[in-house]
Amino acid sequence: MLMLKKAEIEQSLHEEAMRLRHVESRLRQIEEQGQLGDYDVVLKPGLARPFLSVRRTFPHLTDAFVTVQAVAQTAIKQVPAAVRENMIVVAHSDFDEEDLDLEIGFTLTQEFGKKSIALPGGLALTAHELPAVETLATLARTGPGSETHLATGALGLWMEANGCTVVGPCRELFIEVPFQKPGQEDVVMEIQFPVTKAV
């Protein structure tokens, strides 16, 4: 009983620490509002890719992190490295703290034999296609996952300043599979927004 209680308290502390880091980085974002920083924005096409993913609405960001870890661990074990490409999170809603409609999965280099792979909690990765996008406004970043919104905000400012209109859900493409080591917070990723550019 005490061990269970200890585990519950540790999980609660971890979640509260994540919320604190999120609030701190939001405060920093307010202080730095209007600055693009050292980011380079690149416009490029997005090709259609086979996609193995799960989509659901997460009550909180911490719930989404748990599923990101489960998807990463399951795909690494069950999808051959030669077939597995990049982990991608597609945000079908804004990245608010609650009710996140996210699709989490891996692009593939070719069609995969399995149409479905079971995940913990009764979820499953299913095979379909990540659609092509004519133009993506992209920005690469390395740093704590809890500070991703700083780069997203900088990309939003760039798009506004350059006459770009967002025409689809944001994508986060992980160049390295995230959260594979205990305590690992830094991520290497590319933020992508489908856009049209004013003529």
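The values are calculated or read from the model by the stated rules, or taken from the named source; none is laboratory data. From a predicted model like this one, the values you see are computed outputs, not experimental measurements. Ideal geometry is used to build each Cβ from the backbone, glycine not excepted, and the neighbour counts take in all protein chains shown. What goes into the accessible areas is simple: the full protein's heavy atoms, side chains included, and nothing from ligands, DNA or RNA. Shrake-Rupley method; radii C 1.70, N 1.55, O 1.52, S 1.80 Å.
Summary of values
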{"quantity": "Qualifying residue in the stretch 65-85 (condition: buried (at least 18 other Cβ atoms within 10 Å of the Cβ), more than 28 Å from residue 197 (Cβ to Cβ), within 15 Å of the chain's Cα centre (by Cα) and at pLDDT below 90)", "calculated": "yes"}
{"quantity": "Residue pairs meeting the criteria (Cβ under 7 Å; at least 6 apart or on separate chains; first under 14 Å from residue 168 (Cβ atoms), in the stretch 93-107; second among the small types (Gly, Ala, Ser) and at pLDDT 75 or above)", "calculated": "101/93; 103/53"}
{"quantity": "Which listed residue, of 129, 147, is among the charged types (D, E, K, R) and open to solvent by 60 Å² or more (accessible area, probe 1.4 Å)", "calculated": "129"}
{"quantity": "Residue count, the stretch 33-58 (criterion: open to solvent by 60 Å² or more (accessible area, probe 1.4 Å) and either modelled with pLDDT of 90 or more or part of a strand (DSSP E or B) (or both))", "calculated": "9"}
{"quantity": "Extreme residue, surrounded by the most Cβ atoms within 10 Å (Cβ to Cβ), among residues of the stretch 91-101 that are farther than 17 Å from residue 123 by Cα and in contact with a strand residue (DSSP E or B) (Cβ under 9 Å, 6 or more places away or on another chain)", "calculated": "91"}
{"quantity": "Count - residues of the stretch 165-199 that are in a strand (DSSP E or B) and touching a residue at least 40 places away in the same chain (Cβ under 8 Å)", "calculated": "17"}
{"quantity": "Hits in the stretch 84-118 (condition: assigned to a loop (DSSP other than H, G, I, E, B), closer than 30 Å to residue 167 by Cβ and not acidic (Asp, Glu))", "calculated": "92, 93, 95, 109, 110, 112, 115"}
{"quantity": "Subset of the stretch 76-92 [in contact (Cβ under 8 Å) with a residue 40 or more places away in the chain and over 17 Å from residue 131 (Cβ atoms)]", "calculated": "76, 87"}
{"quantity": "Residues within the stretch 151-172 that are among the hydroxyl-bearing types (Ser, Thr, Tyr) and open to solvent by 50 Å² or more (accessible area, probe 1.4 Å), tallied", "calculated": "1"}
